[in-house]
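Trainee: Pasting in a structure now, in structure tokens, and then I'll have a few things to ask.
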Amino acid sequence: MNNFEGLAGYIDEIYANKKLLKESSAQNAIESVLELLDAGRIKVSQKIDGKWHTHQWIKKAILLSFSAKENKTLSDGVHQYYDKIPIKGLHTSATEFKAHNTRFVPGSVVRHGSYVGPNGILMPSFINIGAHVGQGTMIDTWSTVGSCAQIGENCHISGGVGIGGVLEPLQANPVIIEDNCFIGARSEIAEGVLKDVYRRILWLYLEVARAKTVCT
């Protein structure tokens, strides 16, 4: 992630003094953070020297956006919404969709300010603001990816999975699913980091749990 110290410092200043939200420069700074998140240029959590670090200033910018924006009517051409955050992809051209090569199946809802990498599949699902989904990942039917959650590359988030989100308290870290993880259907992950090394253990655990359910 590039150096955004100046932007980070300004976001911290706005968060400490909410009166600054009235200034256009503050609103522009907040919107810049959402645009950077949306493009995948910044992430709420980043692995540095083998350890995950959460950028609290990005979480602050997301929280500030809810105070800075007003609710308004939004439309995807089929449905109407009344919200502060637009749906991702409303103005994406066919050429851009083709270049990105990720299938957005009808019923998949992705909020602006989240990132979905190329070569993936989104079944009817919900991805909240601040989330980051790596390339080649499938978010299966009725799964939810909470605010600021980090999903790695080449993962399969199975049907009905709930990946927890976190914005407050600020010191709390989001759920992080590292690369190449398989999350079994109907499971819930509310906190912590799931590494590739544990993915088979989780799969076996969920398979045993399902088998017990069938037997009883």
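The values are calculated or read from the model by the stated rules, or taken from the named source; none is laboratory data. The structure presented is a predicted model; accordingly, all values stated were derived computationally and were not measured. All Cβ positions, even for glycine, are placed from backbone atoms using ideal geometry, and neighbour counts span all protein chains on display.
Trainee: Would the range 87-98 turn up any residue that is charged (D, E, K, R) and free of Cβ contacts under 8 Å to residues at least 12 places away in the same chain?
Mentor: yes
Trainee: Cβ contacts < 6 Å: first residue on the phi > 0 side of the Ramachandran plot, restricted to the range 125-143; second residue part of a loop (DSSP other than H, G, I, E, B) and of a type in the set (A, V, I, L, M, F, W, C), any location; separation 6+ or different chain. Result?
Mentor: These pairs meet every condition: G130/V44; G130/C148.
Trainee: When the range 74-115 is examined, which residues are found to be more than 26 Å from V166 (Cα to Cα) and in a strand (DSSP E or B)?
Mentor: Scanning the range 74-115 gives S75, Q80, R103.
Each row is one residue, and each column tells you yes or no for (1) over 19 Å from the mean Cα position of the chain (by Cα); (2) of a type outside the set (A, V, I, L, M, F, W, C); (3) at pLDDT 95 or above.
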{"position": "I14", "(1), (2), (3)": "yes, no, yes"}
{"position": "Q46", "(1), (2), (3)": "no, yes, no"}
{"position": "K51", "(1), (2), (3)": "yes, yes, no"}
{"position": "G89", "(1), (2), (3)": "no, yes, no"}
{"position": "H100", "(1), (2), (3)": "no, yes, no"}
{"position": "F104", "(1), (2), (3)": "no, no, no"}
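Trainee: Here's a follow-up. Looking only at the range 39-56, count every residue that is surrounded by 15 or more Cβ atoms within 10 Å (Cβ to Cβ) and either without any contact (Cβ under 8 Å) to a residue 40 or more places away in the chain or of a type in the set (G, A, S) (or both) and tell me the total.
Mentor: Result for the range 39-56: 2.
Trainee: Kindly list the number of the only condition in (1) outside the structural domain of H132 (by TED's automatic domain parsing); (2) within 17 Å of C148 (Cα to Cα) that fails for N28.
Mentor: Every listed condition holds for N28 apart from (2).
Trainee: Would you confirm, using the coordinates I've provided, whether E168 is of a type in the set (D, E, K, R) and touching a residue at least 40 places away in the same chain (Cβ under 8 Å)?
Mentor: Considered against the rule, which asks whether it is of a type in the set (D, E, K, R) and touching a residue at least 40 places away in the same chain (Cβ under 8 Å), E168 comes out as yes.
Trainee: Restrict the check to the range 29-43 and report whether at least one residue is assigned to a strand (DSSP E or B) and hydroxyl-bearing (S, T, Y).
Mentor: Within the range 29-43 (the criterion being assigned to a strand (DSSP E or B) and hydroxyl-bearing (S, T, Y)), the answer is no, since none of the residues qualifies.
Trainee: Quick one: A61 ticks every box in (1) touching a residue at least 24 places away in the same chain (Cβ under 8 Å); (2) of a type outside the set (D, E, K, R); (3) assigned by TED's automatic domain parsing to the domain that holds S125 bar one, so which box is it?
Mentor: (3)
Trainee: Continuing with this model, one more query. Have a look at L7, L64, L20, L36 and point out the one that is surrounded by 13 or more Cβ atoms within 10 Å (Cβ to Cβ), in contact with an Asp or Glu (Cβ under 8 Å, 6 or more places away or on another chain) and under 20 Å from L167 (Cβ atoms).
Mentor: Unique residue meeting the criteria: L20.
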